[in-house]
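Derivation of every value follows stated rules applied to the coordinates shown; laboratory data play no part. Since this is a predicted model, take the numbers as computed values, not measurements. Neighbour counts run over all protein chains shown; Cβ positions are idealised from the backbone, glycine included.
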Amino acid sequence: GGKKDVLSTRSLTAGYGAAAALDSLDMDVQPGEMVAVLGANGAGKSTMMRSLAGLHRPVSGAILLDMVPIEERPAHQIARAGLSLVPEGRQVFPLMSVRDNILMGAYNRTDLDAEAEIDRLLQRFPRLRDRIDAPAGVLSGGEQQMLAIARGLIANPRILLLDEPSLGLAPSIIAELYDVLADLRDEGVTVLLVDQMATLALAIADRAYVLESGQVVKSGTSVDLQKDASIEQAYLGAE
Ligand code: ATP
């Protein structure tokens with residue numbers, strides 16, 4: 001942790017009833033970084049993301065956004081402060097149009113020229129252009145993931161949290177999505193990325209944390225973790 005951290009947790013503990021899903025978690029993200037969070041099913045990754053976004057109330061510990069504690073703030077305030085979550089499983093509204101789904105992400109923006117903003121997003125996700133007035137339910141999984149990211153981006157976040165964006169998608173679509181994520185990082189958006197595809201995540205992220213039973217068991221630069229034999233055995237070989 002340092003002075004420049006934009007998002008941090010301090011001894012963050014969260015769970016469901018008596019079961020702790022996060023156990024005294026400490027992590028830090030600096031502005032403009034892309035940080036990956038790796039770990040097996042049940043390691044606590046989604047609980048961490050939902051806690052950061054204000055959707056799950058931690059039991060104890062702190063979440064700092066720009067060094068200010070936010071762990072007790074409601075989700076809409078955290079969103080307004082510049083943090084957007086793209087949730088696991090996309091969570092699009094299948095009967096609503098693609099356009100209206102995207103606009104759902106804009107409720108915290110009063111300055112919005114919706115048409116111009118949607119046009120910018122469609123340049124980033126050209127596959128959505130032909131489908132803009134179709135119900136989101138007819139989109140492919142990859143297109144729905146693009147839609148979920150577009151919905152997160154229309155809030156114009158400084159920090160984007162992505163929970164398993166590659167889940168269940170074909171490799172060519174994953175490559176397309178990851179190109180967009182790299183572009184966003186290059187444009188200065190801070191990105192926190194949960195992905196079970198550790199090889200892919202480490203190829204794109206600057207740093208990573210490895211979670212096990214709600215605790216950080218390893219962290220470091222992606223370059224160092226890519227060389228780490230224990231990570232390779234636990235995650236990289238398992239794809
Ligand atoms: P996955 O990749 O499967 O989503 P994860 O790393 O995101 O895993 P979490 O979903 O955060 O892990 O789950 C952490 C722990 O909390 C697990 O033991 C899980 O069974 C438990 N858990 C998650 N959600 C709930 C819930 N709604 N009620 C009870 N226990 C839960």
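Whole-Å semi-axes of segment 37-81's equivalent ellipsoid, largest first, each the root of 5 times a Cα gyration tensor eigenvalue? Don't skip to the answer; put the middle values down first.
Values: eigenvalues 79, 23, 20 Å².
The equivalent ellipsoid of segment 37-81 has semi-axes of 20, 11, 10 Å.
Taking a ≥ b ≥ c as the square roots of the Cα gyration tensor eigenvalues, segment 99-165 comes out oblate, since a/c reaches at least 1.5 and a/b does not exceed b/c.
Subtract the Cα-Cα distance of Asp113 and Ser24 from 0.36 nm times their separation in residues, and report this length gain in nm to one decimal. Don't skip to the end; give the middle numbers.
Details: separation 89, 0.36 × 89 = 32.04 nm, distance 4.22 nm.
Computed gain between Asp113 and Ser24 is 27.8 nm.
Sequence-ordered 3J(HN,Hα) estimates for segment 33-46 from the Karplus curve with 6.51, -1.76 and 1.60 and θ = phi - 60° stand at 7, 10, 10, 9, 10, 10, x, 6, 3, x, 5, x, 5, 5 Hz, glycine and proline given as x.
Helical content of the chain, expressed as a calculated mean residue ellipticity at 222 nm, amounts to -8500 deg cm²/dmol (DSSP H runs of 4 or more residues, -39,500 (n - 2.57) each, divided by residue number, nearest 500). Note on Met96, Met48, Met197: ascending count of other Cβ atoms within 10 Å places them as Met96, Met197, Met48, the fewest first. Taking a sphere under 14 Å around the Cβ of Ala53 and counting the other residues whose Cβ falls inside, with K and R at +1 and D and E at -1, yields a net charge of +3. Taking R0 as 30 Å, what FRET efficiency do you get between Arg80 and Arg120 from their Cβ-Cβ distance, rounded to the nearest 0.05? Efficiency computed from Cβ-Cβ geometry: 0.90. Against the chain, whose longest principal axis is taken from its Cα atoms, helix 114-124 shows a tilt of about 60°.
Can you classify segment 31-114 as rounded, prolate or oblate using the Cα gyration tensor, where a ≥ b ≥ c are the square roots of its eigenvalues, rounded means a/c under 1.5, and otherwise it's prolate if a/b beats b/c and oblate if not? Could you put the intermediate results ahead of the total?
Values: a/c = 1.94, a/b = 1.33, b/c = 1.45.
Judged from the Cα gyration tensor, segment 31-114 comes out oblate (a/c at least 1.5, b/c at or above a/b).
Quick one: what do you get for the chain if you divide its Cα Rg by 2.2 N^0.38 Å? So the Cα radius of gyration is 0.98 times the expected 2.2 N^0.38 Å.
List Thr13, Thr110, Thr47 from most exposed to least, where exposure is judged by having the fewest other Cβ atoms within 10 Å.
Numbers: Thr13 17, Thr110 6, Thr47 23.
In order of increasing Cβ crowding within 10 Å: Thr110, Thr13, Thr47.
By definition, a body whose alpha carbon gyration tensor gives a ≥ b ≥ c is prolate when a/c is 1.5 or more and a/b is larger than b/c, and segment 141-239 fits this prolate description. The label point for Ala229 and the one for Ala134, both projected 7 Å from the Cα toward the Cβ, are 5.0 nm apart. What the phi angles of segment 4-12 give under the Karplus curve with 6.51, -1.76 and 1.60, with θ = phi - 60°, is a coupling list of 8, 4, 9, 8, 9, 10, 10, 6, 6 Hz, glycine and proline written as x. For Ala21, the residues whose amide H sits under 5 Å from its own are Ala14, Gly15, Tyr16, ignoring neighbours fewer than 5 places away on the same chain, with H placed 1.01 Å from N.
A P(r) calculated from all alpha carbon pairs of segment 1-68, with 5 Å bins opening at zero, reads 4, 17, 28, 26, 16, 6, 2, 0 percent.
Close amide-amide hydrogen proximity is noted between Val216 and Asp26, each under 5 Å apart and 5 or more residues distant or on a separate chain (H modeled in the peptide plane; Pro and chain starts excluded).
In order along segment 152-169, the phi-based Karplus estimate (6.51 cos²θ - 1.76 cosθ + 1.60, θ = phi - 60°) of 3J(HN,Hα) comes to x, 7, 5, 6, 6, x, 7, 10, 10, 9, 10, 9, 6, x, 8, 4, x, 9 Hz; Gly and Pro are listed as x.
Dividing the C-alpha radius of gyration of segment 110-149 by 2.2 N^0.38 Å, with N its residue count, gives 1.18. Put in line by how crowded their Cβ is, counting other Cβ atoms within 10 Å and starting with the fewest, Tyr209, Tyr16, Tyr178, Tyr107 read Tyr16, Tyr107, Tyr178, Tyr209. Taking amide H positions as modeled 1.01 Å from N, with prolines and chain starts lacking one, the residues under 5 Å from Tyr209 and 5 or more places away or on another chain are Ala36, Val37, Leu38.
Multiplying the residue separation of Ser60 and Ala170 by 0.36 nm and subtracting their alpha-carbon distance yields 35.7 nm.
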